[in-house]
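The values are calculated or read from the model by the stated rules, or taken from the named source; none is laboratory data. Note that the coordinates shown come from a computational prediction; the quantities given were computed from them, not determined experimentally. Backbone-built Cβ (ideal geometry, glycine too); neighbour counts: all protein chains shown. Accessible surface areas use protein heavy atoms only, side chains included; no ligands, DNA or RNA. Shrake-Rupley method; radii C 1.70, N 1.55, O 1.52, S 1.80 Å.
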Amino acid sequence: MVATLSAAAPAAPRAPGLHAQLETLPRETLQQLQLQRLQETLRNAWENVPWHQQRLRAAGLTDPRDLASLDDLRRLPFTVKTDLRDNYPFGLFTRPVQQLARLHASSGTTGKPTVVGYTAQDLSTWSDLVARSLHCAGVRPGDLVHNAYGYGLFTGGLGAHDGAGRLGCPVVPISGGGTERQVALIMDFGPRVLCATPSYALAIAEVAEQQGVNLRDSALRIGMFGAEPWSEAMRREIEARMGLRAVDIYGLSEIMGPGVACECEVRNGLHGWEDHFLFETIDPDSGAPVPEGEPGELVITTLTKQALPMLRYRTRDITRLERSRCDCGRTHVRILRVTGRNDDMLIIRGVNVYPSQIEAVLVGRPGVAPHYQLVLERQGALDHVRLEIEALPSVNAADYPRLAADATHHIKSMIGISAKVQVLAPGAVPRSQGKAVRVRDLRPKAS
């Protein structure tokens, strides 16, 4: 099938991709492939997951082949994270667990974990897509990869590991934690590529500076950062302190893991790999589609996942889609930087605020470290938000009130909210070895 479709592809992009012919398919040809794979995915879900068949019948389908065009996708119901928890642990799998090759799961901090499964073919597809993403970002076979994503049930560590191996890159599987040792191995082993969450990359840079180590003198040239929303200001901060090119990579466990989308060397949006996924944006309140280029909630349908097909999965991530051809030559949709998540959005005195908006204002401010937390508290009958930021070691404690006033002013002028800002001493804001915790909720729990 690929050979037939790729014959119509245009010339390879300026920086040829690992799968250059697939990455530059004309949109009409790409959509033909998507429809074929969508029908196969529907058949798999229909025949093997009673929960899916019941919902599809309720939506008016009597046969998976009833979906005759990609526009018909809107007839299908959404899938949400609670659906996985309600069918915990294996109720949405199309295969018995005995036939799977691997299980992953979320942390389950808000209830039952979401469990995801992979066939051997799923793992191979996943490795291919992570390898494609790494190559898209400029990583090449033979580059040493320092992998500081957490290994275990979290998909980041093993996903990046297997993808780098598929590309032909040796991997340092250090996982998260032991930051002093991370710095030592980066300087001693000379990796060209760092894989980590952006917040942990900054933690590595901070420890290196405390040790008197200049990471700009290391061999690091590319940073593959994902698993949490981050801003352009954070990108600039990481690049300045580590001397590398910071690249955004996107994924989520329910869909696959890392490698669903990745920035190319142009860095004008993340290429979502449309031969394996369908991407939509919707109004988060009504569920109606939003026009291309307008902000909305990202919805993803898997096209090649065998063990756990996801139909119109609501990611809760807020972004915009752009389908015009990228300057790199790739034709796959570009997912513009995720600005936040529906479930992370705070309403502060009537204003909708995402933590990443706070980050964009704070990072790079004179005297302020790139570490912060929003603390939610209950005062009487009202909710209040306090912003904890951290001063740089060079700042005298007597100057903390001035830093707080400066941050308050800029947040008010840039975002439109009046925030109560508290400046803390260096190291007072908790560091994370994985995803950063940006919101701390101290409000009493409902009984």
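General observations
- Flag for residue 378 being closer than 23 Å to residue 232 by Cα, among the charged types (D, E, K, R), touching a residue at least 60 places away in the same chain (Cβ under 8 Å) and in contact with a Leu (Cβ under 9 Å, 6 or more places away or on another chain): no
- Annotation note: of 59, 9, 68, the sole residue that is at pLDDT below 95 and open to solvent by less than 30 Å² (accessible area, probe 1.4 Å) is 9.
A quick yes/no check of all residues on (1) of a type in the set (S, T, N, Q); (2) on the phi < 0 side of the Ramachandran plot:
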site: 361; (1), (2): no, yes
site: 374; (1), (2): no, yes
site: 379; (1), (2): yes, yes
site: 416; (1), (2): no, no
site: 433; (1), (2): yes, yes
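- Within the range 286-306, being closer than 22 Å to residue 337 by Cβ and loosely packed, with under 14 Cβ neighbours inside 10 Å holds for 291, 292, 293, 294.
- Residues that are in contact (Cβ under 8 Å) with a residue 24 or more places away in the chain, surrounded by fewer than 17 Cβ atoms within 10 Å (Cβ to Cβ) and out of contact with any helix residue (DSSP H, G or I) (no Cβ under 8 Å at 6 or more places or on another chain), drawn from the range 19-39: 26, 27, 36
- Unique residue being part of a helix (DSSP H, G or I) and basic (Lys, Arg) when the list is 85, 95: 85
- Residues being touching a Ser or Thr at 6+ places or on another chain (Cβ under 8 Å) and either crowded, with 24+ Cβ neighbours inside 10 Å or more than 27 Å from residue 274 (Cβ to Cβ) (or both) - total across the range 116-151: 6
- Among the residues making up the range 152-172, those that are of a type outside the set (Val, Ile, Thr), open to solvent by 20 Å² or more (accessible area, probe 1.4 Å) and at pLDDT 95 or above are 158, 161, 162, 165, 166, 168, 170.
- Residue in the range 74-125 that is farthest from residue 257 (Cα to Cα), counting only those that are at pLDDT below 95 and basic (Lys, Arg): 75
- Among (1) surrounded by fewer than 21 Cβ atoms within 10 Å (Cβ to Cβ); (2) in contact with a helix residue (DSSP H, G or I) (Cβ under 8 Å, 6 or more places away or on another chain) - the single one residue 266 does not satisfy: (2)
- In the range 402-415, the count of residues that are hydrophobic (A, V, I, L, M, F, W, C), out of contact with any Pro (no Cβ under 7 Å at 6 or more places or on another chain), open to solvent by 40 Å² or more (accessible area, probe 1.4 Å) and modelled with pLDDT of 85 or more is one or more.
- Highlighted here are the strands (runs of 3 or more DSSP E) found entirely within the range 274-348 that include at least 1 residues which are over 25 Å from residue 51 (Cα atoms): 296-302, 313-319, 346-348.
- Selection within the range 318-328 - open to solvent by less than 20 Å² (accessible area, probe 1.4 Å) and touching a residue at least 60 places away in the same chain (Cβ under 8 Å): 326, 328
A quick yes/no check of all residues on (1) in contact (Cβ under 8 Å) with a residue 24 or more places away in the chain; (2) buried (at least 22 other Cβ atoms within 10 Å of the Cβ); (3) farther than 15 Å from residue 174 by Cβ:
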residue	(1), (2), (3)
190	yes, no, no
202	yes, yes, yes
212	no, no, yes
216	yes, no, yes
226	yes, yes, yes
230	yes, yes, yes
240	no, no, yes
245	yes, no, yes
248	yes, yes, yes
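- Matching residues in the range 143-170 - criterion: being within 9 Å of residue 195 (Cβ to Cβ) and assigned to a helix (DSSP H, G or I): 156, 157, 160, 161, 164
- For the range 329-359, the tally of residues that are surrounded by fewer than 21 Cβ atoms within 10 Å (Cβ to Cβ), more than 17 Å from the chain's Cα centre (by Cα) and at pLDDT 85 or above stands at 1.
- Check on residue 92, in contact with a strand residue (DSSP E or B) (Cβ under 6 Å, 6 or more places away or on another chain) and within 16 Å of residue 309 (Cα to Cα): no
This table checks each residue for (1) at pLDDT below 95; (2) out of contact with any Pro (no Cβ under 9 Å at 6 or more places or on another chain).
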{"position": "244", "(1), (2)": "no, yes"}
{"position": "263", "(1), (2)": "no, yes"}
{"position": "267", "(1), (2)": "no, yes"}
{"position": "272", "(1), (2)": "no, yes"}
{"position": "284", "(1), (2)": "yes, yes"}
{"position": "293", "(1), (2)": "yes, yes"}
{"position": "301", "(1), (2)": "no, no"}
{"position": "313", "(1), (2)": "no, yes"}
{"position": "322", "(1), (2)": "no, yes"}
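- Candidates 132, 140, filtered to the one that is closer than 30 Å to residue 190 by Cβ, outside any loop (DSSP other than H, G, I, E, B) and basic (Lys, Arg): 132
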